[in-house]
Amino acid sequence: MANWTLTEGDVDDLADGCALLGSGGGGESHSFRIVLRSLLAESGPVEVLDASTLAPDALAVNVGFVGAPIVMTEKLFCEQTVVLALEGMSRRLGRRIDAVMPAEIGGANGLSAFIAAALLGVPVVDADGMGRAFPMSDQITYAIYGRSASPTIATTEHGDVICVEGSSNRRVEMLVRALSSANGAQCFTADYPLSGEDVRACAVIGSISLARLIGASLNAARREHRDLLAALAAALREVGGVAVRALFDGKVTDCRHETRGGFGFGIASVESIPPGERMTVEFQNEYLVARRNGAAVATTPDIISIVDAETLANIGSESVRYGQRVKVIAIEAPMLMTTPPALAVVGPRAFGFDLDYHPIRTTP
């Protein structure tokens, strides 16, 4: 992959691809699109670096919002929180940040790195730590493969800047989550400071390009009135034959939401048309398990999405409502998220489900 630049004209394609890769989480991106377009208009395009071009000792920092997705639809973020976090990380490490990356490519957090890059004047690395979105900051390839979240800099719109250095990555997650909950289930973080070598060793490489490709392919198919699922499948074949499956088609008949502990929990029920079959999708910020007539047909870490039946527009877990006409689809997880060490952290049993992971690639 070569370096490229993100312009105003790329924002919708990138955001739509990020939304689909979010597995229902990562936050709703409407306000992020507006802010990012404005910043790009003011400061020009943001450079996207191929990870292979990073110097071995370059400093790349992960960025993103922590909290419940529903809060991001109701509470506008403050750009100053982004600046404070990056300045705090630079002070703590005693050096300039060379590049930023989204902690998760999924949802609005996939755009957060570009907002940070535009504000700081640095490039974005074409990579992230999940290849999708997950609810907890230690459910990330860097933690899974031995890198440390410390120091983490967390900030709020009130001007608070907190440096967290925990005894483990899970402790860092717990402490930052407590701050997020105390701040209305939202804060911003800069974490997992990585060298160029670290990025190449354990990041999900090319995820930003993948998101842009997905969004561009779907938007082109919409304009040309082509089959959207076929367009998505074709786009995924371009990047190594990533599998995608249509799991269900129907109408949302029930959705229960609950915000607790800084997460959005719930379950969505979808009935076939005509009635006769039923799918349930359970979530904790992100969609985790899809069951058809009671039998699991897709689980985390594969990327389960609920989308509009006509447009294939993503419907986040915070936005599922009674009466929506939807499809449920699943996209194959990145390989780094399907190893035994990864499944211990992001597989269905890590979320309390008595299920083993069965890749959608192996299902008909």
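The values are calculated or read from the model by the stated rules, or taken from the named source; none is laboratory data. In this text, all values refer to a predicted model and were calculated from it rather than measured experimentally. Note that we place each Cβ from the backbone using ideal geometry, even for glycine, and neighbour counts take in every protein chain shown. For the accessible areas, the whole protein counts, side chains as well, though only heavy atoms, and no ligand, DNA or RNA atoms are used. Shrake-Rupley method; radii C 1.70, N 1.55, O 1.52, S 1.80 Å.
Couple of notes before you dig in:
- Thr363 accessible area, assembled protein chains, probe 1.4 Å, Å²: 40
- Gaussian network model of the chain, Cα within-10 Å springs - most flexible of Val176, Val252, Val204: Val252
- Net length gained if the chain between Thr363 and Asp254 were fully extended (0.36 nm per residue, minus Cα distance): 36.5 nm
- Structure-derived P(r) over Cα pairs in 10 Å bins from 0, in percent - corresponding label in [x] 4, 16, 17, 12, 12, 13, 10, 6, 4, 3, 2, 1, 0, 0; [y] 6, 27, 37, 23, 7, 1, 0; [z] 5, 23, 32, 25, 12, 3, 0: [y]
- Backbone N atoms of the range 97-119 closer than 19 Å to the 7 Å Cα→Cβ label point of Thr7 belong to residues 114-115, 118.
- Peptides 5-11, 83-89 ranked from most to least packed, by the mean per-residue count of other Cβ atoms within 10 Å: 83-89, 5-11.
- Counted residue by residue at 0.36 nm each, then reduced by the alpha carbon distance between them, the extension gain from Thr311 to Ala344 reaches 8.4 nm.
- Excluding ligands, DNA and RNA, the accessible surface per residue across the chain is 38 Å² with a 1.4 Å probe.
- Using only Cα coordinates, the Kirkwood hydrodynamic radius of the range 134-230 works out to 15.8 Å.
- Nonpolar atom fraction for the chain, defined as the carbon and sulfur part of the 1.4 Å probe accessible area, stands at 53 percent.
- Computed [θ] at 222 nm, helices only, for the chain once each DSSP H run of length n ≥ 4 contributes -39500 (n - 2.57): -9500 deg cm²/dmol
- Our Cα-only numbers for the range 242-343 put the radius of gyration and Dmax at 13.4, 42 Å.
- With R₀ set to 45 Å, the beta-carbon distance separating Glu197 from Ser31 gives a calculated FRET efficiency near 0.80.
- Candidate residues Ser305, Ser195, Ser43: accessible-area rank, largest first, probe 1.4 Å: Ser43, Ser195, Ser305
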